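Read the structure below first, then the notes.
Just so you know, all these numbers are worked out from the coordinates, no wet-lab data involved. Just so it is clear, the structure is predicted and the values come from calculations on it, not from any experiment. Positions of Cβ are generated from backbone atoms using ideal geometry, with glycine treated the same way; all protein chains shown enter the neighbour counts.
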Amino acid sequence: MSASTYRVVRSSRASRIGLAVGALLVAGLAVLPYAAGSGTLRTLISFLTLVTVAQMWNLLAGYAGLLSVGQQAYIGLGAYALWVLADEVGVHPFVAVPLAGLIVGLIALPTAGLAFRLRGGYFAIGTWVIAEVYRLVIANIQAVGGGSGVTITAASHIARATRQNVTYWLALAVAVGTIGLVYGILRSRLGLALTAIRDDETSAESLGVHVFRTKLWVYVLSSFGCGLAGAVIYLNLLRIQPDAAFSVNWTALMIFVVVIGGVGTIEGPIIGAILYFILQETLADYGSWYLILVGLVAVVITLKAPRGLWGLLTERRPVHVFPLQRHVRIDASGEIPPVSGRPRSACADE
Amino acid sequence: MSLLSLTDINSRYGTFQALFGVELRVDEGEIVAVIGANGAGKSTMLKTVVGIMRSPTGEVRFAGRPVGHLPVHQRVSLGMSLVPEGRRVFPSLTVRENLLVGGWVKRPGPWTVTKILQLFPLLERRIDHPAGNLSGGEQQALAIGRGLMANPRLLMLDEVSLGLAPIVVRHLYAAIPAIVEAGTTILIVEQDIGQALSVADRVYCFLEGKVALSGRPRELTREQIAAAYFGV
């Protein structure tokens, strides 16, 4: 084979079908408020925000190897940023959602400076401690409601149907946007660096990859996504209490969804969130048995399918709905075969 | 002209001192070999050069400027590249993606994916395979190619022969003249004395963290090398 007779493609038949199905699904979800009831929308808002935070945790842990147990900090801060912007500054609550995400991203910068001093298990515990510090600080400031919390009154003045519909659309936009963001990052040079760092940090560093800066970017982006999700969640709930907003259960949920779906894949957190919601909807009436059964499912999946459900499904026949690897297509005659997707010229990335 | 010079390097792992006042010089266009037994401090010296480890004393100069205070990525940008011991390719990335990470700093120079595939044709048929699926020899070729993708002025090879069959090692060493011809200076760390001396212009022998012997291979006797290598 001559070095000049190949080209690099990333799309596959599965990814093109997946993209078409995904586009139809998003279009269908976008018009759902005109057909579905209030209960369905509330459930879907919860589902979409769960997909968002799971994607963010997966980016952080599955790709950058940063096992954070403190992402609830950014859900809580997103909620409080929404309240401050909407009730105290006077920004329209719907406009305040993206601004809350940006504020949380900014707060994550100095937080990362502190958290990144720790490694491995210490980083995990450290991020949890940082989240607890944020919770305690907020709970002790009376101006933000103290331990009893606050109500987003600016949002409660909006007509219920309008608020719920727009909140749903925001949740959908945030979920689709974060999946697109993760996909874009992982297909970029930054994604290549992230995978290299995950595989071998020292090797990546000795090739000139700026490990600290790359991880910092991912941490800030992940916090931004969690901040957006936090703002959407509490725009839906209206009442913010620090114990609930900064609860470690948020991160436990992210970890559960990512682990059962498949760590280090974009498809995994989506599959995991679907399974979680199916379990929740079907087992919710069984009281404490529900938690036992969910735990049992987690144990069985981690033992029988360590790569998660997506890994199990694609074990025999690899399918990439979100193709990330660069595949080389070679024609036996030396001619470059016609390929669709995003073909690149031979050795384009040299 | 001296491309790399080390003066009074005393690197340590916590309380354990691994290098003691190491002095070393690599001139532009040379192949310099550092030999020594396990634990002699050879790899520690390379880690200190590239910046993974720091020496509390002394100076690392590269291309005429002190670089001891610079982080790793800046040193790589200046033109040094380390091929680490044990290959350490990125197993979940394909061969091509590994090479692309190697070219992260985007220094101008002769080495491209195509050139690397010409240097190591065995990689060409494996270009789309995850690096974790390659044989040891293929992984080592990939690790060297990945290091070259940075278009370094100085390529540092750490234990190329480790765990490989002699025929594979000979095949890899056969690529070294082409690398030097392309304008890259080479610093090799090896336990395989024969291979190292066969290509080196100059050699340093490390013993217990110190330079025990240095000189041109043809000027050193087997007895001198054995004494410096084993400390007898």
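Take A:Glu281, A:Glu205 and order them by how many other Cβ atoms sit within 10 Å, fewest up front. Present the calculation step by step, with values, prior to reporting the outcome.
Details: A:Glu281 10, A:Glu205 23.
Fewest-to-most Cβ neighbours within 10 Å comes out as A:Glu281, A:Glu205.
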By average C-beta atoms within 10 angstrom, highest first, the peptides A:170-183, A:294-307, B:74-87: B:74-87, A:170-183, A:294-307
DSSP-assigned coil residues among GluC sites (Glu not before Pro) in segment B:159-232, each with at most 14 further Cβ atoms within 10 Å: B:Glu208
Residue-averaged 222 nm ellipticity for chain A, from DSSP H runs of 4+ at -39500 (n - 2.57), nearest 500: -21000 deg cm²/dmol
Within straight-line cross-link reach of B:Lys115, lysines at Cα separation under 17 Å, skipping those fewer than 8 residues along the same chain: B:Lys106
Segment A:205-262: radius of gyration and largest Cα-Cα distance (Dmax), Å: 15.5, 49
Debye intensity ratio in log₁₀ form over the Cα atoms of segment A:70-196, taken at each q of 0.12, 0.17 Å⁻¹: -0.60, -1.06
Candidates A:Asp243, A:Asp87, A:Asp285: whichever shows maximal mean-square fluctuation once chain A is modelled as a Gaussian network with Cα springs under 10 Å: A:Asp285
Residues B:Tyr204, A:Tyr290 arranged by fewest to most Cβ contacts within 10 Å: A:Tyr290, B:Tyr204
Rounded, prolate or oblate (a/c below 1.5 giving rounded, otherwise prolate when a/b exceeds b/c) for chain B by Cα gyration tensor: prolate
Whichever lysines have a C-alpha closer than 20 Å to that of B:Lys47, once near sequence neighbours (fewer than 8 apart) are set aside: B:Lys210
Dimensions (Å) - the protein assembly as shown, Cα atoms, principal axes, largest first: 91, 62, 43
Hypothetical label at A:Thr202: residues of segment B:143-183 whose amide nitrogen lies under 13 Å (7 Å Cα-Cβ projection): B:158-159
Folded to 0 to 90 degrees: helix B:136-148 orientation relative to chain B principal axis, Cα: 80
Label point distance in nm, B:Glu23-A:Ile274, each placed 7 Å from Cα along Cα→Cβ: 7.0
Set of aspartates and glutamates near A:Lys215 by C-alpha distance (under 19 Å), chain-local residues within fewer than 8 positions excluded: A:Asp199, A:Asp200, A:Glu201, A:Glu205
GNM top mover of B:Asp158, B:Asp27, B:Asp128 - chain B, alpha-carbon springs below 10 Å: B:Asp128
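Take the alpha carbon atoms of segment B:151-232, find their radius of gyration, then divide it by 2.2 N^0.38 Å using N residues; give the quotient.
So the Cα radius of gyration is 1.13 times the expected 2.2 N^0.38 Å.
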Angle in degrees between helix A:72-83 and the longest Cα principal axis of chain A, rounded to the nearest 10: 60
Alpha carbon centroid spacing (whole Å) that separates segment A:144-211 from segment B:121-166: 37
Whether segment A:9-127 is rounded, prolate or oblate, judged on the alpha carbon gyration tensor where a/c under 1.5 counts as rounded: oblate
Acute angle (nearest 10 degrees) that the helix A:38-57 long axis makes with the longest principal axis of chain A, alpha-carbon atoms: 60
Gaussian network model of chain A, springs between alpha carbon atoms under 10 Å - residue of A:Ser206, A:Ser222, A:Ser15 with greatest fluctuation: A:Ser206
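Can you compute the charge dipole magnitude of chain B about its Cα centre, using +1 on each Lys and Arg Cβ and -1 on each Asp and Glu Cβ, nothing else charged? Give it in debye, rounded to the nearest 20.
Details: 24 positive and 20 negative charges, 99 e Å.
With Lys and Arg at +1 and Asp and Glu at -1, about 480 debye.
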